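The values are calculated or read from the model by the stated rules, or taken from the named source; none is laboratory data. In this text, all values refer to a predicted model and were calculated from it rather than measured experimentally. Here the Cβ positions follow ideal geometry from the backbone for every residue, glycine too, while neighbour counts run over all protein chains shown.
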Amino acid sequence: MSEINDRAEALRLKNSSRNLPRIGRLLVDREADSLWELDTKTLPRSCRKWRRKARKFAEDEIRPLALQGDIDPGHFDHTELFRKAAKKGFFTTLFPRPIGSASWRLYLRNAVYVPVIIAEEFAAADGGIALKLMAPNLGIAPVLLSGHLPSILRYFIPNYLSCRFRGKVKTFSFAITEPEAGSDVEDNEGAVTARLGTKARKVRGGYLLNGSKIFISNGAISDATTVFAKLEGEGIESWTCFLVEKGRVGFRVGRHERKMGQRASDASELIFENVFVPDKNVIGKVRGGWPLNKNVLNFSRPAVASMAVGQARGAFESALQFAKKKYIGRKRMIEFQEVQLELAGMVQELWAARSLIRQSLQHFAIPQSIASASKSFATDTAWRVANRAMELMGDEGYLHSNHTERFWRDIRLTQIYEGTNQLNRLAIIEHHRYKDFK
Ligand SMILES: Cc1cc2nc3c(=O)[nH]c(=O)nc-3n(C[C@H](O)[C@H](O)[C@H](O)COP(=O)(O)OP(=O)(O)OC[C@H]3O[C@@H](n4cnc5c(N)ncnc54)[C@H](O)[C@@H]3O)c2cc1C
């Protein structure tokens, strides 16, 4: 037995490659890196740093809070966590230095490069806390993506500067979903007949908002929300984005949903009763809400995809640790080839999903088809991987303390929000129908 082990060790590339000439040695994989490190090295240089930093933050600051955020979200205080995340620059990655914390080179490739990479790392520790930390990006994205200089100068830049240089975190949430319109406000076909209840009436100096939004992530803790509303008497073509600050008269938080997963982040109802919003709080142009909404979704779907991959990686890592420790008879589980094949399948699936996400980041303005393809593919894949992890772990996978069941519950949500996966698949075809099938 020991002879077989010795020979196997000699055959490992890191040992046998010594028998190659020097240049040949450079060309072989010497198994020096972990899979995670290998993957990190495929990223642009400045992004590698972000990935390492996010992983460390996730291990040090997010993982220890994961169970508490899941079991007792009502008493989960995020203040200290947010302060630490701001200090590390995680809340200001949607803009390059010196105003934000992203690098120019990455930013010119894609505005969400850094957030997408960070999302996987945060979510590999916990999906709910990751959502809590990532949702402010979604909330403020309409201001940036509107391309409207007065809005950017008034709301985006001051917020980023005070977060970066004074550590003051002002959080934003994004509100499109209404009691009668979920998917309808996420695809063109549904939008045509959407029954919208939230409306804005023009009055002197601004607008009066009435109606409600539901399921708004971080809705209860946000300082401001980007709210999409139609103009009174018109349809969704008149959709306009309004920035509504906490404390405006008539604006209140209603019901908090009791959720199955990603529980550390609240999903809340927002109620508007004759809320006066001044003209300067119109983000972009009046009636510019629909394309802005679609643009925001195209940028945020790869981030949701990345969160799902992170959560599935978390489940995979738990299953791997379990297989290394658990004995079946006299052999550790990891020594069975069936188990190795199962784990290998999970790694392959995660790689494929991650590759598709990275593909979407090759576009400066992410097209709808690739954003939707990566969101629906990655979240479905992540769901399968977490399921496989649960199966490998048997009864242990079902325990809170082993995290896998939490990842499994958390991932389920990524298949629903930012458009259900059915809707996202239809969005791929919608793109082709307009471009390729005419
Ligand atoms: C926890 C959580 C957090 C959320 N956070 C936010 C947030 O921060 N901001 C926000 O605005 N929204 C948020 N949402 C809302 C979310 O984006 C919507 O729930 C989602 O888009 C689905 O809409 P719906 O629930 O109304 O489903 P519905 O539209 O009612 O869909 C029901 C079913 O019908 C299918 N369906 C609908 N239309 C079609 C169609 N045309 N063709 C084929 N099938 C169709 C759907 O795929 C689904 O299976 C959140 C939701 C949840 C659960």
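Could you please let me know if Arg164 is more than 24 Å from Ala130 (Cα to Cα), touching a helix residue (DSSP H, G or I) at 6+ places or on another chain (Cβ under 9 Å), basic (Lys, Arg) and not in a strand (DSSP E or B)? Spelling it out, it is not the case that Arg164 is more than 24 Å from Ala130 (Cα to Cα), touching a helix residue (DSSP H, G or I) at 6+ places or on another chain (Cβ under 9 Å), basic (Lys, Arg) and not in a strand (DSSP E or B). In contact (Cβ under 8 Å) with a residue 60 or more places away in the chain, hydroxyl-bearing (Ser, Thr, Tyr) and within 30 Å of Ala124 (Cα to Cα), is that true of Ser34? Answer is no for this residue.
Just to be sure before I move on: is Arg258 within 16 Å of the ligand (Cβ to nearest atom), within 24 Å of Tyr417 (Cα to Cα) and not hydrophobic (A, V, I, L, M, F, W, C) in the structure I sent?
Taking the combined requirement at face value, the residue satisfies it.
Here region 173-210 is the region considered, the condition is being among the polar types (S, T, N, Q) and in contact with a Gly (Cβ under 6 Å, 6 or more places away or on another chain), and the residue that is nearest to the ligand (Cβ to nearest atom) is Ser183.
Residue-by-condition table, conditions (1) of a type in the set (D, E, K, R); (2) under 23 Å from Met307 (Cβ atoms); (3) outside the structural domain of Ser162 (by TED's automatic domain parsing); (4) touching a strand residue (DSSP E or B) at 6+ places or on another chain (Cβ under 8 Å):
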| site | (1), (2), (3), (4) |
| --- | --- |
| Glu9 | yes, no, yes, no |
| Lys41 | yes, yes, no, no |
| Glu59 | yes, yes, no, no |
| Leu81 | no, yes, no, no |
| Leu94 | no, yes, no, yes |
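If we scan region 17-30, do we find a residue that is over 18 Å from Ala119 (Cα atoms), part of a loop (DSSP other than H, G, I, E, B) and without any contact (Cβ under 8 Å) to a residue 12 or more places away in the chain?
Among the residues of region 17-30, at least one is over 18 Å from Ala119 (Cα atoms), part of a loop (DSSP other than H, G, I, E, B) and without any contact (Cβ under 8 Å) to a residue 12 or more places away in the chain, which makes the answer yes.
Every condition in (1) of a type in the set (Lys, Arg); (2) in a loop (DSSP other than H, G, I, E, B); (3) near the ligand (Cβ under 8 Å from one of its atoms) is met by Lys213 except one, and the failing one is (2). Being assigned to a helix (DSSP H, G or I), modelled with pLDDT under 95 and more than 27 Å from Tyr155 (Cβ to Cβ) is the requirement here; does Leu38 meet it? In short, yes.
When Leu138 is tested against (1) farther than 16 Å from Asn159 by Cα; (2) not in a loop (DSSP other than H, G, I, E, B), only condition (1) is not met. The condition of being in contact with a Lys or Arg (Cβ under 6 Å, 6 or more places away or on another chain) and buried (at least 24 other Cβ atoms within 10 Å of the Cβ) holds for only one of Ala371, Ala378, that being Ala371. In region 216-228, the residue that is farthest from the chain's Cα centre (by Cα) out of those that are among the aliphatic types (A, V, I, L, M), within 12 Å of the ligand (Cβ to nearest atom) and not in a loop (DSSP other than H, G, I, E, B) is Val227.
Scanning region 54-99 for residues that are of a type in the set (Lys, Arg), surrounded by 13 or more Cβ atoms within 10 Å (Cβ to Cβ), touching a helix residue (DSSP H, G or I) at 6+ places or on another chain (Cβ under 9 Å) and part of a helix (DSSP H, G or I) gives Arg55, Arg63, Lys84.
Would you pick out the residues in region 414-433 that are at positive phi and more than 10 Å from the ligand (Cβ to nearest atom)?
None; the set is empty.
The condition of being in contact (Cβ under 8 Å) with a residue 60 or more places away in the chain and either among the charged types (D, E, K, R) or in contact with a Ser or Thr (Cβ under 6 Å, 6 or more places away or on another chain) (or both) holds for Thr414. Kindly indicate whether any position in region 305-315 is among the charged types (D, E, K, R) and not in a helix (DSSP H, G or I). Among the residues of region 305-315, not one is among the charged types (D, E, K, R) and not in a helix (DSSP H, G or I), which makes the answer no.
Screening Phe299 on (1) within 17 Å of the chain's Cα centre (by Cα); (2) surrounded by fewer than 23 Cβ atoms within 10 Å (Cβ to Cβ); (3) not β-branched (Val, Ile, Thr) shows it passes everything except condition (2).
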